[in-house]
1. Six or more apart or on different chains, Cβ under 8 Å: which pairs go from a residue in the range 211-230 that's more than 18 Å from ASN260 (Cβ to Cβ) and β-branched (Val, Ile, Thr) to one that's part of a helix (DSSP H, G or I) and at pLDDT 95 or above? Could you list them?
2. What is the number of the single condition among (1) within 20 Å of ASP197 (Cα to Cα); (2) modelled with pLDDT under 95; (3) of a type in the set (A, V, I, L, M, F, W, C) that VAL234 does not meet?
3. Considering the range 111-162 alone, what residues qualify as being among the charged types (D, E, K, R), under 25 Å from ASP186 (Cα atoms) and surrounded by fewer than 16 Cβ atoms within 10 Å (Cβ to Cβ)?
4. With respect to the numbered conditions (1) open to solvent by less than 20 Å² (accessible area, probe 1.4 Å); (2) touching a Ser or Thr at 6+ places or on another chain (Cβ under 7 Å), which one is the sole condition not fulfilled by TYR90?
5. Do we have ASP159 as closer than 26 Å to ASN126 by Cβ and not in a helix (DSSP H, G or I) here?
6. Just one of the numbered conditions (1) without any contact (Cβ under 8 Å) to a residue 24 or more places away in the chain; (2) open to solvent by less than 50 Å² (accessible area, probe 1.4 Å); (3) under 18 Å from ALA164 (Cα atoms) is not true of ALA101; which one?
7. State yes or no: is THR89 modelled with pLDDT under 95 and of a type in the set (Val, Ile, Thr)?
8. Scan the range 167-181 for residues that are open to solvent by less than 30 Å² (accessible area, probe 1.4 Å), within 23 Å of ASP210 (Cβ to Cβ) and of a type outside the set (Val, Ile, Thr) and report the count.
Amino acid sequence: MGFFKSIFSTSTLAPEEEKKKEEGKNFDIFKYDGIRSQNMGQLDYAVKCFGEALKIHDDEEVLAHLGQVLSIQGKLDEAFDVYSRLTETYPLNVESFLAFANVCFLLDKFDEMLSAAEKAIALDDNNAAAYFLQGKALFGLHNEVMAVAALTKSVTLRDSYVQAQLLRAEVLLSMRQFEEASKDIDDVLSQNEADEDALRLKGKMLEALDRKDEAERVYRDLIATDPFYEQAYVNLGDLFITQNRLSDAIELFDEAIELNPNFAEAYRERGRAKLLNGDEAGSLQDAQKAVELKPQEVDVSGQFQIEENKPINILGIYS
């Protein structure tokens with residue numbers, strides 16, 4: 001009897017309850033399929049799943065996962081929108097504000113980054129990462145004094161916070177506070193004498209102190225140790241440009257681009273060296289390539305002259 005009863009009986013749930021039950025079931029399918037796809041590296045499918053889940057209803061965890069995936073894919077404007085929605089709808093999660101601040105940094109949205117970091121601090125005033133991001137935003141906004149204060153708070157809250165120490169050193173260098181910057185650099189190198197970022201900052205400090213031969217040796221040693229450390233090429237090439245060693249700079253950036261054909265900053269700086277060396281056509285070509293590779297991240301300012309002596313901007317459009 002029980003078997004036949006189960007076949008012929010109708011659902012005891014009201015239509016509205018049945019609909020909610022079905023929506024909840026579909027939501028869970030989309031959400032957890034999305035998480036599985038994200039873990040497997042199937043990011044496009046994960047985005048689709050999270051999008052379908054959010055059509056059913058908002059969910060803090062789904063929004064956080066969607067923001068992560070979009071960030072990994074480099075879809076930063078979309079990630080920005082997702083994190084805006086996440087932090088507005090669920091304003092009590094420190095990690096959401098920290099993730100949002102990082103995306104803002106990648107988009108050079110320093111005002112929004114500062115706001116996100118300060119909201120994280122309001123939720124947890126002992127969070128070292130929040131003060132680090134606050135300092136990073138303040139530096140981006142050219143408020144060096146307050147940036148140092150925020151980074152000092154960050155270093156105080158977390159032992160051996162190398163990222164914060166190195167950023168504080170960079171800010172202090174920009175303020176020409178060499179003695180204080182040197183303390184941070186030396187402290188990081190005492191923990192790891194091969195720290196590339198600390199050595200690069202040491203090179204920058206030596207440049208600022210007009211000890212350019214020593215700075216060059218630091219950058220050359222960095223490149224010899226790690227030929228794929230891109231920032232060392234940029235610093236050494238820029239040093240050559242300031243010394244009017246334009247052929248050396250161009251040759252160095254040739255080497256960097258051969259190692260990494262997608263090295264946008266190397267194209268930009270090689271273009272600058274070529275322009276100073278009288279190669280206007282080559283300079284324009286490099287500038288266009290830099291913008292093509294990283295249109296949001298690479299700043300190529302100024303105009304270039306072509307053979308007809310007409311000004312042309314970096315996108316090749318006559319002004």
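The values are calculated or read from the model by the stated rules, or taken from the named source; none is laboratory data. Since the model is a prediction, treat every value here as computed from it, not as a measurement. Positions of Cβ are backbone-derived with ideal geometry, glycine not excepted, and every protein chain shown enters the neighbour counts. Calculation scope for accessible area: heavy atoms of the full protein, side chains included, ligands and nucleic acids excluded. Shrake-Rupley method; radii C 1.70, N 1.55, O 1.52, S 1.80 Å.
1. Once the first residue is more than 18 Å from ASN260 (Cβ to Cβ) and β-branched (Val, Ile, Thr) and sits in the range 211-230, its partners that are part of a helix (DSSP H, G or I) and at pLDDT 95 or above give VAL218/LEU199; VAL218/ARG200; VAL218/LYS202; VAL218/GLY203; VAL218/LEU206.
2. Every condition holds for VAL234 apart from (2).
3. The answer is ASP159, and nothing else.
4. Condition not satisfied by TYR90: (1).
5. For ASP159, the condition - closer than 26 Å to ASN126 by Cβ and not in a helix (DSSP H, G or I) - is met.
6. Of the numbered conditions (1) without any contact (Cβ under 8 Å) to a residue 24 or more places away in the chain; (2) open to solvent by less than 50 Å² (accessible area, probe 1.4 Å); (3) under 18 Å from ALA164 (Cα atoms), the odd one out for ALA101 is (1).
7. no
8. So the answer is 4.
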